[in-house]
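Worksheet: the structure to be examined is printed underneath.
The values are calculated or read from the model by the stated rules, or taken from the named source; none is laboratory data. Remember, it's a predicted structure, so these values are computed and weren't measured experimentally. Glycine gets a Cβ as well: all are built from the backbone with ideal geometry, and neighbour counts include every protein chain shown. Ligands, DNA and RNA are excluded from the accessible area calculation, which covers all protein heavy atoms including side chains. Shrake-Rupley method; radii C 1.70, N 1.55, O 1.52, S 1.80 Å.
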Amino acid sequence: MAAELHRIERGTDLVLVIANAYTVCLLICKHGDTEWLRHCSGEFGEKSLKAAKPLMKKRLTWADTEGDPVSVDPATVEAVTTTVGGIRNWLKQSDKVTKGRQGHATSEIKRLLPYLAGWRCQFEGCGCDLGMHEATGQTGNYSYFAHIVASSADGPRGDPVESPQLASEPENFMLLCDKCHRLIDKIAPKAFDTETLRRMRARNIAEVRRLLNTLQHRTTEVVAILGNIAGQPAQLGQRDVDEALWSAELRSSKDVEYFFNPGAQHHDVHSPAYWSSLFQQLTRDLPRLQDMLEGTRAGSTRPRMAIFPQHSTSVMLLAGRVLGDTAGVHIFQPHRNQPADVPRWAWPEDAPIPPADKYRLEVLREAEGQPEEANLIVGLTFNVSASRMPPECATGGEFKLPTLLIVPPELNRHCIQHPDDLSLFGQTVDEAMRQLLDVWRVRRVHLFVCSPASAVVVTGQKMQARQHPEYVVYESLPGGPDAPFTPTIAITASRVREVSGYYEYSLQR
């Protein structure tokens, strides 16, 4: 407002200030006109007074009102000339009705409210540290104990009945910084009514409690397995990680570690160039991941790990194979079409607990004799028909090899919504592995996985085979729902290789 008054000083406009007990509206009238136009509103302080001095004798008048200055018709007020002393008296009275640092705050309020607020500004979206001056870094007490219902009936959100009743009630105070205190009391008091501020205070106290309670959560190391999916880089922010961990009563022990990220590499799992780049990445990342798994960096046992996967099916299966099927691995996944205020990677709070028989194993073709190879289809989001398989797996639309299928009650991309889903799904994969390895005793498994990211990783974890067969991983070519599946990588107990034979890497230390 001081800046606006300085600008007006350089012109010829007349100025009218309409003020109630704590805030003002500034109106201007063009030279030669009779109509007053609302120009700005908010706090009139010492800087504004200094800027107004040159205008006082000839061009500035002042009018008092009991209502909202912005809503008052200028034709209904009694405007008078004023003096510096007159405005100073108004400033003193304004300070009395908006006083927030001490006011009626009791010693109990001064003890309790900073504790509930975590010594942070309770205005939504601010949260600044009230124990430190943001410009100098000097520590101190920079808080204001602001009334929600003003202690004076004439103050912002004042009420003849509630003002005296609530003047010293803890629930009627917010802990604010200077900027936010001025905002709600002098700059835009009409924008922040009592109910808005009460809801803001309640949300702040709940959020502070929630955040501080995360200090009690178990620590975990965070592993992000991210890559381009159909040309779109995966997105994972620190807030995504924190919200997902907190929902599982975990917290990060250090910064997120990223693995198998190809950067700007074009997503084409059927291109030798893609695997050339990725295998170079494997030579750097697999030893790091194995170090984490073995606890060598910490000099202790294997740490608890939180996995955030969003990569090609082949890479997520490989990651699961390296992670292994051991306790202490918490897997998360991105959930699509979530509202903006709902954490994208956290398990949905309203997800139902799945029934014990949600996932079932079906035999699509029985084994005859002692088969060398078999197909395993994990079809949670969509199924893989025999017509899309290569000739070594199926011919003429019929399965050529013994074939197992894992399916949910309904094929859709939201079939994994609860942590128990992963546990039940893992049990079904175990059942499939027993059939393949203990009953049929195959030496090669052709693997087709069409599932959410978390289920893909779990499938890879279950590839700790007793007889160590070779798993040949397939992904579909571009071209829609009828595009054929072709092999990408093969994983054994000791190595991973690209099917063309150009690249391979040892999985053993």
Review point. What tally of residues in segment 454-488 results from selecting those that are more than 35 Å from the chain's Cα centre (by Cα), open to solvent by 20 Å² or more (accessible area, probe 1.4 Å) and not hydroxyl-bearing (Ser, Thr, Tyr)?
Key: 7
Practice item. Select from segment 106-129 the residues that are in contact with a Pro (Cβ under 9 Å, 6 or more places away or on another chain) and open to solvent by less than 30 Å² (accessible area, probe 1.4 Å) and write down the one among them that is farthest from Arg210 (Cα to Cα). Key: Ile109
Study note, to complete from the structure: Matching residues in segment 254-271 (modelled with pLDDT under 90, open to solvent by less than 60 Å² (accessible area, probe 1.4 Å) and more than 12 Å from Ala319 (Cβ to Cβ)) number 8
Review point. On the given criteria, is Asp438 open to solvent by 10 Å² or more (accessible area, probe 1.4 Å) and assigned to a loop (DSSP other than H, G, I, E, B)?
Key: no
Study note, to complete from the structure: Checked segment 130-162 for anything outside any loop (DSSP other than H, G, I, E, B), open to solvent by 50 Å² or more (accessible area, probe 1.4 Å) and either among the hydroxyl-bearing types (Ser, Thr, Tyr) or more than 24 Å from Ala191 (Cα to Cα) (or both); matches are Met132, Thr139
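Listed here are the residues, each with its yes/no results for (1) assigned to a loop (DSSP other than H, G, I, E, B); (2) more than 30 Å from Ile489 (Cβ to Cβ); (3) touching a Gly at 6+ places or on another chain (Cβ under 8 Å); (4) basic (Lys, Arg).
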| residue | (1), (2), (3), (4) |
| --- | --- |
| Lys190 | no, yes, no, yes |
| Val241 | no, no, no, no |
| Leu245 | no, yes, no, no |
| Pro262 | yes, no, yes, no |
| His267 | yes, no, yes, no |
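Give segment 4-27 a look and list any residue that's in contact with a Phe, Trp or Tyr (Cβ under 7 Å, 6 or more places away or on another chain) and farther than 17 Å from Gly86 by Cα, or say none.
Going residue by residue through segment 4-27, those that are in contact with a Phe, Trp or Tyr (Cβ under 7 Å, 6 or more places away or on another chain) are 16-17, 19, 24, 27.
Within segment 4-27, Leu27 is the sole residue that qualifies.
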**Study point:** Failed criterion for Pro478 (all others in (1) free of Cβ contacts under 8 Å to residues at least 60 places away in the same chain; (2) part of a helix (DSSP H, G or I) hold)
**Key:** (2)
Check your understanding: In segment 455-509, which residues are in contact with a His (Cβ under 8 Å, 6 or more places away or on another chain) and among the charged types (D, E, K, R)?
Key -> Glu475
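Please report, ordered by residue number, the strands (runs of 3 or more DSSP E) entirely within segment 1-97 with at least 2 residues that are at pLDDT below 95, open to solvent by 50 Å² or more (accessible area, probe 1.4 Å) and not β-branched (Val, Ile, Thr). I'd like the intermediate steps shown before the answer.
Details: elements: 14-19, 24-29, 37-42, 60-64.
Qualifying strands (runs of 3 or more DSSP E): 37-42.
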Check your understanding: From the list Ala117, Ala79, which residue is touching a Leu at 6+ places or on another chain (Cβ under 7 Å), farther than 30 Å from Ala202 by Cα and touching a residue at least 12 places away in the same chain (Cβ under 8 Å)?
Key -> Ala79
Exercise for review: Kindly indicate whether Val499 is of a type in the set (A, V, I, L, M, F, W, C) and modelled with pLDDT of 95 or more.
Suggested key: no
Check your understanding: Inside segment 303-351, can you point out the residues that are polar (S, T, N, Q) and under 25 Å from Ser253 (Cβ atoms)?
Key -> Gln310, Thr326, Gln333
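The rows are residues; the columns are (1) at pLDDT 95 or above; (2) touching a helix residue (DSSP H, G or I) at 6+ places or on another chain (Cβ under 6 Å); (3) open to solvent by less than 30 Å² (accessible area, probe 1.4 Å).
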position: Arg360; (1), (2), (3): yes, no, no
position: Gly369; (1), (2), (3): no, no, no
position: Asn375; (1), (2), (3): yes, no, yes
position: Val384; (1), (2), (3): no, no, yes
position: Gly396; (1), (2), (3): no, no, no
position: Leu405; (1), (2), (3): yes, no, yes
position: Pro409; (1), (2), (3): no, no, no
position: His414; (1), (2), (3): no, no, no
position: Gly426; (1), (2), (3): yes, yes, yes
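Residue-wise test of (1) exposed (fewer than 14 other Cβ atoms within 10 Å of the Cβ); (2) free of Cβ contacts under 8 Å to residues at least 40 places away in the same chain; (3) farther than 23 Å from Thr219 by Cβ.
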| site | (1), (2), (3) |
| --- | --- |
| Gly237 | yes, yes, no |
| Gln280 | yes, yes, yes |
| Asp291 | yes, yes, no |
| Ile331 | no, no, no |
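So how many residues does segment 188-202 have that are under 20 Å from Val72 (Cα atoms) and either open to solvent by less than 70 Å² (accessible area, probe 1.4 Å) or in contact with a helix residue (DSSP H, G or I) (Cβ under 9 Å, 6 or more places away or on another chain) (or both)? Talk me through it step by step, then tell me what you get.
As a first pass, look at segment 188-202 and keep what is under 20 Å from Val72 (Cα atoms): 188-193.
From what's left, either open to solvent by less than 70 Å² (accessible area, probe 1.4 Å) or in contact with a helix residue (DSSP H, G or I) (Cβ under 9 Å, 6 or more places away or on another chain) (or both): 188-189, 191-192.
Residues that pass the stated criteria total 4.
Look at segment 168-180 and say how many of its residues are open to solvent by 20 Å² or more (accessible area, probe 1.4 Å) and under 19 Å from Arg198 (Cβ atoms).
Filtering segment 168-180 for residues open to solvent by 20 Å² or more (accessible area, probe 1.4 Å) gives 168-171, 178-179.
Okay, now just the ones that are also under 19 Å from Arg198 (Cβ atoms), so 168-171.
Matching residues across segment 168-180 total 4.
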Exercise for review: Tell me, please, whether a residue that is touching a residue at least 40 places away in the same chain (Cβ under 8 Å) and among the small types (Gly, Ala, Ser) can be found in segment 461-474.
Suggested key: no
